[in-house]
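These notes are about the structure you will find just below.
The values are calculated or read from the model by the stated rules, or taken from the named source; none is laboratory data. The structure presented is a predicted model; accordingly, all values stated were derived computationally and were not measured. Glycine gets a Cβ as well: all are built from the backbone with ideal geometry, and neighbour counts include every protein chain shown. With ligands, DNA and RNA removed, areas are computed over all heavy atoms of the protein, side chains included. Shrake-Rupley method; radii C 1.70, N 1.55, O 1.52, S 1.80 Å.
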Amino acid sequence: EMRLKGVFGEMQTVQSQLNAIRSARRNGSRRSDDSPPDDRRSLSAQEQELKEKLSSLQRQHDTLRAERDALAVHSPIAGRIVTWDVARRLESLPVNRGDVLMQVAKTDGPWELVLRLSQRDAGHLLEAKRRGIQDLQVTFTIRDEPGVSHRATVTQISESVQENQEGNPFVIVTAAVENDDVKNLRPGATVTASIACGRRAVGYVWFHELIDTV
């Protein structure tokens, strides 16, 4: 902003000088018999020099405006800023490219669960998909509302495996939640979920973790 103001001030100064030269040339043309040829050539040269300087300053000004406009950060979605006290948090904060500045949520749109399923359990989910089970149902509870169950439907299963801070592998599973189904959802809320992967023998359902380990 300071550089823009500086260049703009120079442009105004050069434009004033250019206007003065043009005015002097017009006045000289009315009494051309009285003005020496060297004076007219000097004014013409000064006018050309000021034109080139003004053109250079205009290019600098356009470049600085483009750089300033490139600093504007636009959210990829329309929504509400849900980061707490974002104005004070970002004030005078130096940032680097790629830094997370704030969280924006589309709170009036459809809600989505982002579940971290252990790699070992992901096999049951993929097997259910291979068996042709569609619309896998999810039952989940919100940490703020223990004992109250809600439902969602699996929409996507990540094809890649990630690791948490402890180095345990997991698969990302997303599930769609109906807006009318849950009244107190907030962006970033922690949930615990279970995914129904079809019917199996009751003994296996109860002890499948031990059986899979063995």
message: Given a 1.4 angstrom probe, I'd like the percentage of the accessible area of region 55-195 that is carbon and sulfur, rounded to a whole number.
response: 48
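At 25 °C and 0.890 mPa s, what whole-number value in µm²/s does Stokes-Einstein give for the translational diffusion of region 106-190, with Rh from the Kirkwood sum over Cα pairs?
Reported coefficient: 175 µm²/s.
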- prompt: Excluding ligands, DNA and RNA, what is the solvent-accessible area per residue of the chain at a probe of 1.4 Å, expressed in Å²?
  reply: 76
query: Once you treat every alpha carbon in the chain as an equal point and sum by Debye, what is log10 I(q)/I(0) at q = 0.09 Å⁻¹?
result: -0.63
task: Run the dipole for region 69-214 about the Cα centre, Lys and Arg Cβ at +1, Asp and Glu Cβ at -1, nothing else charged, and hand back the magnitude in debye, nearest 20.
output: 220
Calculated FRET efficiency for the pair Thr190/Glu163, C-beta based, R₀ 22 Å, to 0.05: 0.70
message: Just to confirm the number: angle between the C-alpha axis of helix 119-130 and the first principal axis of the chain, 0 to 90 degrees, nearest 10?
response: 80
